[in-house]
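J.: My questions all concern the structure below.
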Amino acid sequence: MIPPSLVSIILRSKFVFRTTFVFYFQCKIETGGEIMRKLLPIFLVLAATVMAGNYVLVVYSEPLSQVFINGNYVGTVDVTGQMVLTLNSSGKFVITVKKAWYVPFEGEVIITSPGEFVVFANLREAGALRVFSNVYPVEVFAEGRYIGKVYSVKDVLYVPAGTVTLTFKAEGYREKTVTVQISPRGERTLNIYLEEKVLELNLKIEPQKFSPNGDWYEDQTTFYVYLSKPANLSIEVLDDQGRVVWSKRLMGSEGTNKIIWNGKGVPDGRYRVRVTATTESEVQSVEQEVIIDRSEYTYFKELFIGSTLLVVLLLLLVH
């Protein structure tokens, strides 16, 4: 178990970084002589590895919990609640700690130089959750924190024990929130029904007037298409005679979809952009105007290239 006297450190951060000597000093202040005597052997080992230029990772967690680095199993926390690892190099590491009937811990450690890095993986006792739903997969959140995704009734997730507010989300469906009591080391089954969202469609064009004349300034425009749920999208650009001068079809996702149009091969003028979204039972359509005007050349490209070359030349002269 994590020593109670280290709770103050744990509450400040999910994972705390200290060099060996700073960690030694903090333990002396906050934990007292008894804890210091327990940590002294670890300190001596770590001091030796730091002097040798090694990267040391110390994990404190529940006894016999499993530790993974970047998804790979690296060992088990011992019965005293600690594990010492020597890493081969610096870098960014994702630390995951798991134990049956506990909510998994995950944190990121960035190691840039030799030394000791301490991770306090404080696991919360959990119960198992099984979800019956009219749609899968379903994402599950506990108190706003992502717990995991269930793909069928066969899947179970570990949820913090106690009174918990759970939120269930599925793409294209309204989220559902319930508050339940989760028993430690027990299984709770929930039956939920998610209502499908009504298809909503919106279109914004930025910039609405653009000039594809090669000056690197507003040479293209972007169609921002909002969908309340996934749908088949048809984007058409029509001239004043109703003829399609450009079109694109794609499967749109929930949220914002961005489609870039460069106006290549299309004369200057005013055009209508028509976007149609369809599902198995719904159709929505929206139109907006877009303008192509190549008459104004800004010389942005020449100014940009010239200023860049000038900066490079000045740097060469300085050095």
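What follows is calculated from the coordinates using simple rules that are stated; it is not laboratory data. The structure displayed is predicted, hence computed values, not measured ones. With ideal geometry, Cβ positions are generated from the backbone for all residues, glycine too; neighbour counts draw on all protein chains shown.
J.: I'd like to compare 138-149, 85-96: which one has the highest average count of other Cβ atoms within 10 Å, and what's the full order after that?
T.: Ranking, from highest mean packing down: 138-149, 85-96.
J.: With point charges of +1 on the Cβ of Lys and Arg and -1 on the Cβ of Asp and Glu, referenced to the Cα centre of the range 201-292, which listed residue (Pro267, Ser247, Tyr217) lies farthest in the positive direction of the dipole?
T.: Of the candidates, Ser247 comes out farthest on the positive side.
J.: If you don't mind, another one. Is the range 97-211 rounded, prolate or oblate when judged by the Cα gyration tensor, a ≥ b ≥ c being the square roots of its eigenvalues, rounded requiring a/c under 1.5 and prolate requiring a/b larger than b/c?
T.: oblate
J.: What nm distance separates the two modelled labels at Tyr136 and Asp268, each placed 7 Å from Cα along Cα→Cβ?
T.: 6.0
J.: Oh, and also: From the backbone phi of the range 289-301, what are the Karplus-calculated ³J(HN,Hα) couplings (6.51 cos²θ - 1.76 cosθ + 1.60, θ = phi - 60°) in whole Hz, Gly and Pro given as x?
T.: Values per residue, Gly and Pro as x: 8, 9, 10, 10, 9, 8, 5, 9, 9, 8, 6, 4, 4 Hz.
J.: Here's a follow-up. Please give the FRET efficiency for Leu315 paired with Val94, using the beta carbon to beta carbon distance and R0 = 41 Å, rounded to the nearest 0.05.
T.: Calculated transfer efficiency: 0.60.
J.: Shape call for the range 173-319 from the C-alpha gyration tensor, a ≥ b ≥ c root eigenvalues: rounded (a/c under 1.5), prolate (a/b greater than b/c) or oblate?
T.: It is oblate, given that a/c is not under 1.5 and a/b is not larger than b/c.
J.: Using label points projected 7 Å from each Cα along Cα→Cβ, tell me how many nm separate Thr112 and Glu171, to one decimal.
T.: Distance between label points: 3.7 nm.
J.: What residues of the range 200-214 lie in the reach of a label at Ile305, counting those whose backbone N is under 19 Å from a point 7 Å from the Cα along Cα→Cβ?
T.: Under cut-off, by backbone N: 212-214.
J.: Can you list the residues, at least 5 places off or on another chain, whose amide H is less than 5 Å from the amide H of Val135, using H built in the peptide plane?
T.: Placed amide hydrogens put Leu194 under 5 Å from Val135.
J.: Give the lysines whose C-alpha is closer than 27 Å to that of Lys176, dropping any in the same chain fewer than 8 places away, or say none.
T.: Lys149, Lys154, Lys197, Lys229
J.: How far is the Cα center of the range 72-146 from the Cα center of the range 282-319, in Å?
T.: 46
J.: Also: What are the residues whose amide H is under 5 Å from the amide H of Leu87, where those residues sit 5 or more places off or on another chain and H is modelled from the backbone?
T.: It is Tyr55, Val56, Leu57, by chain and number.
J.: Right, another one. Would you please state the base-10 log of I(q)/I(0) at q = 0.23, 0.25, 0.27, 0.33 1/Å for the range 165-204, with intensities from the Debye formula using one equal scatterer on every alpha carbon?
T.: -0.84, -0.92, -0.98, -1.16
J.: Which residues' amide hydrogens lie under 5 Å from the amide hydrogen of Asn257, considering only partners 5 or more residues apart or on another chain, with H built in the peptide plane?
T.: Val225, Tyr226, Leu227
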